[in-house]
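Q: I'd like to ask some things about the structure below.
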Amino acid sequence: MVRGILLIVIDCLRADHVSAYGYPRKTTPTIDALAENGVLWESAHSTSSWTKPSVTSILTGLYPSEHGSFEGVKRRRNHEAVTTDRLGNIPQTLSEQFTGAGWRCGAFINNAQLGEFAGLNRGFDTYIPNAGKADNLIGLFEKWLENAPETPSFGYLHFLEAHWPYKPRRRHVAMFGGDRDTNEFSPYSAREFGELRREVTRKQRTLDDAQMTQMIQMYDGAVRRLDGKVKLLKAILEKLGVSDEFAIVVTADHGEEFLDHVSIGHGHTLYDELTHVPLIAQIPGGPSGVRVDGPVSHVDLAGTLLGMAGIENQGASRNLLSADQPPRPVFGELRMGRRYQQFARSARWKLHRTCKFEPTNGEIVRGESPRRLFASCAQNIELQLFDMLRDPMEQRNLANDAKYSGILKTHINDLDRWWSGIETPDGDVSLSGGDGSLSGEGAVAGEVEIDEKVIQRLYDLGYID
Ligand SMILES: [Zn+2]
């Protein structure tokens, strides 16, 4: 049994850029060592492809349609109020379960999407959404841990350094054959990177191979730098004499695209570069050097962490370390503008189902639950099926090939069964009405208004035009 759990979430870390997952560059020596001494899930998937819905799934054990936190910020027509989804009225979060069992919970986060407005602070005695850069964030965590070393503790640390604009050390870029001083993307601010991403997505700007090589050198360098912070955290646990009582779990909220399909950055598709994430756990007295095949989802991380702590789980999230768990497909969702997307992933296949709304459906894009959105565009659905064994980069769509019609049907049924079993939270997801541009006064049920400071932080991150 462990007396402490350190959950490290590295924003934007795609699994195939982690050396323990076979990436040829040695980006993550410390994380690799955790895998060698623990468990690595080969096919772990986030429930969405951007921070808020994904992290809410990690901290609740629920899919986005269940927890209700789907959309980003929405600026109302008068530009005076900005609202966003927040966690719906669910019975218990992961941290509330820890707290109920006598654990203390601290969250040390560097991501403006996860401010208190997102509703994730429930159950945390300490919740710092603006903990700053890695060293500052680690310092806050260390102080919190030192305060009550005897109490079982769950620490959630969320690092942003692998998020655009990548700011690696010079030596980490050099490790991967690059030169930070001459790298085209070195001077980019988050705001400029967000703008570049928008232009690339709209096909107003193209990036050639040489530019992508440079961008990836910066990203890999940033990942390598963060790996050093994981090493620092290990050293802190050792210094405090608790390293043989603390489990360390490393994952990412989602991945990052480098023109694999349509753009750069994240939050726009559900292809594997954005949903296949690392998941590694080093558990004192636990399994060592184990690599688990078969798809698993972040919705089962909560149950797994509670299992490590020996706490009886009140929710539906499963314990991935328990031997009697049969494999099952995993799912994901993304609601963005005029699209609602889902995926189902089995051991070998991945099905994408996308609803595209016609402009005439604009009035229902905002202000409806995903279930009603989905029903309203039933005749406007695009399917993509990929053989992840032969085509792991998801380039050859087999959905229209009669040879695979049986597999297609099975996966559509999986999606439908999952979807029909979902209960939406009380206070349905974002209920504002209007023509897509939002109107009305103040926040409505399931939404919350956010203040100028948060808006500024999101603007600085490149998330608001
Ligand atoms: Zn993120």
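The values are calculated or read from the model by the stated rules, or taken from the named source; none is laboratory data. None of the values given here were measured: they were computed from a predicted structure. So basically every Cβ, Gly included, is an ideal-geometry build from the backbone, and we count neighbours across all protein chains shown. Ligands, DNA and RNA are excluded from the accessible area calculation, which covers all protein heavy atoms including side chains. Shrake-Rupley method; radii C 1.70, N 1.55, O 1.52, S 1.80 Å.
Q: According to the square roots a ≥ b ≥ c of the eigenvalues of the Cα gyration tensor, what is the shape class of the range 87-246, taking rounded for a/c under 1.5, prolate for a/b larger than b/c otherwise, and oblate for the remainder?
A: Oblate is the answer for the range 87-246, as a/c is 1.5 or above yet b/c matches or exceeds a/b.
Q: Right, another one. How much length, in nm to one decimal, is gained on full extension between K133 and E449, taken as 0.36 nm per residue of separation minus their Cα-Cα distance?
A: Working: separation 316, 0.36 × 316 = 113.76 nm, distance 2.61 nm.
Extra length available between K133 and E449 comes to 111.2 nm.
Q: Right, another one. Taking θ as phi - 60°, what are the ³J(HN,Hα) couplings along the range 101-117 by the Karplus curve (6.51, -1.76, 1.60), each to the nearest whole Hz, with x for Gly and Pro?
A: Those phi angles translate into 9, x, 8, 9, 10, x, 10, 10, 10, 10, 6, 5, 5, 10, x, 4, 4 Hz.
Q: Which residues' amide hydrogens lie under 5 Å from the amide hydrogen of R104, considering only partners 5 or more residues apart or on another chain, with H built in the peptide plane?
A: Close amide H contacts, sequence-distant or interchain: S153, F154.
Q: Then there's this: If you average the C-alpha positions of the range 292-345 and of the range 137-155 separately, how far apart do those two centres end up, in angstrom?
A: With the range 292-345 and the range 137-155 each reduced to a Cα centre, they are spaced 27 Å.
Q: Now for a separate question. Measure off 7 Å from each Cα along the Cα-to-Cβ vector at A210 and K26, then give the distance between these two points in nanometres to one decimal.
A: 3.0
Q: Which value, in Å to one decimal place, does the Kirkwood hydrodynamic radius take for the range 213-288 when every pair of different Cα atoms is included?
A: Final number for the Kirkwood radius of the range 213-288 is 14.7 Å.
Q: Compute the FRET efficiency between K356 and R198 as 1/(1 + (r/R0)^6), taking r as their Cβ-Cβ distance and R0 = 22 Å, and round to the nearest 0.05. Spell out each step's value before the answer.
A: Details: r = 20 Å, r/R0 = 0.89.
E between K356 and R198, to the nearest 0.05, is 0.65.
Q: With n ≥ 4 as the cut-off for DSSP H runs, can you work out [θ] at 222 nm for the chain, using -39500 (n - 2.57) per run divided by the number of residues, rounded to the nearest 500?
A: Mean residue ellipticity at 222 nm (helix-derived): -9000 deg cm²/dmol.
Q: Let me ask another. For V292, enumerate residues with amide H under 5 Å from its amide H, sequence gap 5+ or separate chain, H modeled in the peptide plane.
A: L40, W41, E42
Q: Can I ask one more? PRE reach from L140 (point 7 Å along Cα→Cβ): which of the range 160-183 fall under 18 Å by backbone N?
A: Zone members listed by number: 160-163.
Q: Set the Förster radius R0 to 45 Å, insert the Cβ-Cβ distance between R338 and D293 as r into 1/(1 + (r/R0)^6), and round the FRET efficiency to 0.05.
A: Efficiency, rounded to the nearest 0.05: 0.75.
Q: Using a probe of 1.4 angstrom, how much of the accessible area of the chain is carbon and sulfur, in percent?
A: Using a 1.4 Å probe with all protein chains present, the chain comes out at 49 percent carbon and sulfur.
Q: Based only on Cα atoms, what mean projected area does the convex hull of the range 104-151 have, in nm²? Numbers along the way, then the final one.
A: On the way: hull surface 12.6 nm².
The directionally averaged projection comes out at 3.2 nm².
Q: Taking C-beta distances below 4.7 angstrom as the pairing criterion, name the unpartnered cysteines of the chain, in sequence order.
A: Lone cysteines by the Cβ rule: C12, C105.
Q: On full extension of the chain, what length is gained from T182 through K239, given 0.36 nm per residue of separation minus the C-alpha to C-alpha distance?
A: Taking 0.36 nm per residue and subtracting the Cα distance, the gain is 16.6 nm.
Q: Please report, in cubic angstrom per residue, the volume enclosed by the convex hull of the alpha-carbon atoms of the chain.
A: 140
Q: Once you have the alpha carbon radius of gyration of the range 157-242, what is it after dividing by 2.2 N^0.38 Å, with N set to its residue count?
A: Rounded to two decimals, the normalised Rg is 1.30.
Q: Continuing with this model, one more query. What figure, in Å² to the nearest 10, do you get for the accessible area of S186 with a 1.4 Å probe and non-protein molecules left out?
A: 30
Q: Could I ask something else about it? Probe of 1.4 angstrom, ligands and nucleic acids ignored: what's the accessible area per residue over the chain, in square angstrom? Numbers along the way, then the final one.
A: Values: 18350 Å² over 465 residues.
Here the per-residue accessible area is 39 Å².
Q: What number comes out for the charge environment of L301, summing +1 per Lys or Arg and -1 per Asp or Glu over other residues with Cβ under 14 Å away?
A: Around L301, the surrounding residues sum to -1.
Q: Report, by chain and number, residues whose modeled amide H sits under 5 Å from the one on H254, excluding near sequence neighbours (fewer than 5 apart, same chain).
A: Those lying under 5 Å, H to H, from H254 are C12, L13.
Q: Then there's this: Using the alpha carbon gyration tensor of the range 170-317, what are the three equivalent-ellipsoid semi-axes (square root of 5 times each eigenvalue), largest first, in whole Å?
A: 35, 22, 12
Q: Measure off 7 Å from each Cα along the Cα-to-Cβ vector at Y404 and E423, then give the distance between these two points in nanometres to one decimal.
A: Once both label points are built, they end up 3.6 nm from each other.
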